[in-house]
Amino acid sequence: MTPTTTRAATVRAPGVVLFLAFIDIFALLPTVAPHVAELGAGPVGVGFAVGMYSATNLPANVLGGILVDRWGRRRVTLLGLLGAAAAMLGYLLAGSVATFLLARGVHGVAGGVLIPAVFAAAGDRTQRGTTGRTFGRLGAVIGAAAVIAPAGAGVLRQAAGTEAVFVAITVALVLGAITAYLGVHDPPHRSGSAASRSTPPDVEVVVADPCERGDALVAPTGAQPASSGVFRELLRVGVVRRALLATAVMTAAVGVLAGFLPAAAAALGATPATVGSLFTVYAIFAAGVMLSPLAGHVDAGRADTAIAVGLITLSGALLTFVVAPNLLVALVGAAVFGVGYGLVFPAVAAATSSSATAASRGRAFGLFNVAFSLGLAVAPPLTGGLVDLVPVIDPFVPVSGLALAAAAAVVGSAWARDRPADP
């Protein structure tokens, strides 16, 4: 393998692994509930089966971030992929609801350690000044998986049964493990380290590329610092705090969209196919923005601008669903929502990566994935409870207000950072 080929494989491998990892996640969305119901689960059992992944995934994100920095990107990526493949086989072999739930928990842990590893590997290989564009492309990869996997799983399940879906995902995860073994490498923390020896030639490794002036980076030292100390240092970095806030609010908006848009669209006369097209439009517009030059704004030190504008755009899109008189306006709202997501995701991911070092990037993305999962897990039930208590409130309004408040917090914090000190 030539150096040029090695470099191309190293740079592209995280994207391939990420696509296969999210194929795994999204393909199960229409699959888990009917399968566990066939095993004899009632409504409570179905709810546990759907929620078990998130319940184990959240703490595993923190654990995964620690393991990524201590064990290396490649080793943890392989661990996550093979663990997820084992969970798929557990789904396939489960003969009861209890064993299925056990496999679901293992799957959540595997996913929790996998995603920080892949994001950290991508951040390590990002050339200086291209972080936003790199994570924009990775966001588009996730969007492609979100469009392809649920529909593909539905077709395969109808043609060959649920077991065929589990087998296909297992094969995809094994292919991902092969790709990771060949193309995912660890950054050189110190000369002569094992990580250094595993890094292929001609690959530029960015140790730190700060997004903003005045924020301290978490620098590696001779001894590996305690993880709690690294997490505290990361949370002291202003742009990291703002990125985590925006990430949680962004995914809260996505969760509320997934939970309440189908009913809102049905009230406007939408068929199930039309409801699906609203989410497809959102994914297409999000991918378009993330692949455009707009994703590179963070590379010019404008992460806060992209985050704030994206949150305001998400807020406006949610309000569009409140006032939409017909499906055409709802379709416009879905497109605007995609634009907002496409602005926020590359900015928050790139800001997280650039504000860490090679020695702390795994833990930085552990925090990032906690915020990502938290918004999805918490916002829909809280919004539903609020609507039950106050029926006159439209479910899109609270999260729209939250997005505006988060945008104001981002702008205010960034302004305080940039304000010149008093003489």
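Values in this text are rule-based calculations from the coordinates and carry no lab data. Because the structure is predicted, anything quoted here is derived from the model rather than measured. No Cβ is skipped: glycine too gets one built from the backbone with ideal geometry, and neighbour counts run over all protein chains shown.
Could you check the simple spin-label distance between ILE393 and LEU39, using points 7 Å along Cα→Cβ, in nm with one decimal?
Calculated label separation equals 3.6 nm.
Convex hull over the Cα atoms of the range 1-117, averaged projected area in nm²?
7.8 nm²
Which order do the peptides 50-62, 365-377, 103-115 come out in when sorted by mean C-beta neighbours inside 10 angstrom, highest first?
103-115, 365-377, 50-62
Can you pull the one-decimal nm distance between simple spin-label points at ALA408 and ALA98, each 7 Å off the Cα toward Cβ?
About 5.2 nm separates the two model spin labels.
Between the range 224-289 and the range 28-93, what is the separation of their alpha carbon centroids in Å?
So the two Cα centres are separated by 20 Å.
Taking 7 Å along the Cα-to-C-beta vector as the label spot, tell me the VAL332-SER292 distance in nanometres, rounded to one decimal.
Using points 7 Å along Cα→Cβ, the separation is 1.7 nm.
Ranking request for peptides 31-37, 131-137: highest mean number of other beta-carbon atoms within 10 Å first, then the rest in descending order.
Peptide ranking by packing, descending: 131-137, 31-37.
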